[in-house]
Amino acid sequence: MAMTDWDACEQQLAAGIETLGVAVSKSAQVQLIAYLRELSTWNATYNLTAVRDPLAMVTRHLLDSLAVLDFVTGAAVADIGSGPGLPGLVIAIVRPRMAVTVVEANRKKAAFLRHARRRLGLENVTVAQERVEAWQPPEKFDCVICRAFAAADECARLAGHVVAPGGRFLLMKGRDPAAELSALPLDFRHVDTVSLAVPGLAAERHLAILEPGLI
């Protein structure tokens, strides 16, 4: 098995952050690489993500998550179907004042989330091992985000109940999800779809922004 060039990962991450123009402290960049090390180690045994190469993970996981950072607002954020913490743990590392809840039903992935929380000292993270449609959190969230979770209308139906009034629901998508948005439940409205450019990634990326409230 080839040794990972972690210096190259650090350099690629720093260059990508500069291209994105998002504010990420040096200490947060160190934490992001530490997270990637944990994910790479666990992935070898538990197959948490199909991306195996840490350099590819920098682009397809870290920078992809950071590309939406400026759209994540509010004090309390929930990442639905977080998998191994994407984008939830990335957001929590970079925005330590945000309270981030990562929601993941899969036992192995939830175990990794708890491990990463402990290992990285992420006191602003709560792990909820729950199916979101049955989950009733004590408080609703200012911002709810989903990455590769379900079609837009299905996301709204399954997770819409955890968005606070006046909050926002962010859907990370590949291609423009216009067709999915035509079938939204009536209690959500589509505000905007933003085209994103992820450094080093040729594939399309879009962020659909929804808000609760009748059309």
| note | Quick shape check on the stretch 51-168: root eigenvalues a ≥ b ≥ c of the Cα gyration tensor, a/c under 1.5 is rounded, otherwise prolate if a/b tops b/c, else oblate, and it reads rounded
| Global form of the stretch 1-96, assessed from the alpha-carbon gyration tensor, a/c cut-off 1.5 | oblate
| said: Can you show me the helix-derived [θ] at 222 nm for the chain, built from DSSP H runs with n ≥ 4 at -39,500 (n - 2.57) apiece and divided by the number of residues, rounded to the nearest 500. | reply: -10000 deg cm²/dmol
| field | Partners for Lys109 among aspartates and glutamates (Cα-Cα distance below 17 Å; same-chain residues under 8 apart left out) | value | Glu38, Asp79, Glu130
| message | Can you give the FRET efficiency to the nearest 0.05 for Arg97 and Asp187, using r as the Cβ-Cβ distance and R₀ = 35 Å? | response | 0.75
| field | Net charge, Asn124 excluded, C-beta distance under 13 Å - Lys, Arg +1, Asp, Glu -1 | value | +1
| task | Identify which of Ile93, Ile80, Ile17 has the largest mean-square fluctuation in a Gaussian network model of the chain, with springs joining Cα atoms closer than 10 Å. | result | Ile17
| remark: For the chain, longest principal axis from Cα atoms; helix 6-20 axis from its Cα atoms; angle between them, nearest 10 degrees, is 40
| Amide N of the stretch 125-160 lying under 12 Å from the label point, which is placed 7 angstrom from the Cα of Leu201 along Cα→Cβ | 147-148
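Since every read-out is calculated from the coordinates, none of them should be taken as a lab result. Quantities reported herein were computed from a predicted structural model and do not represent experimental measurements. Here Cβ is always computed from backbone atoms with ideal geometry, including for glycine, and neighbour counts include all displayed protein chains.
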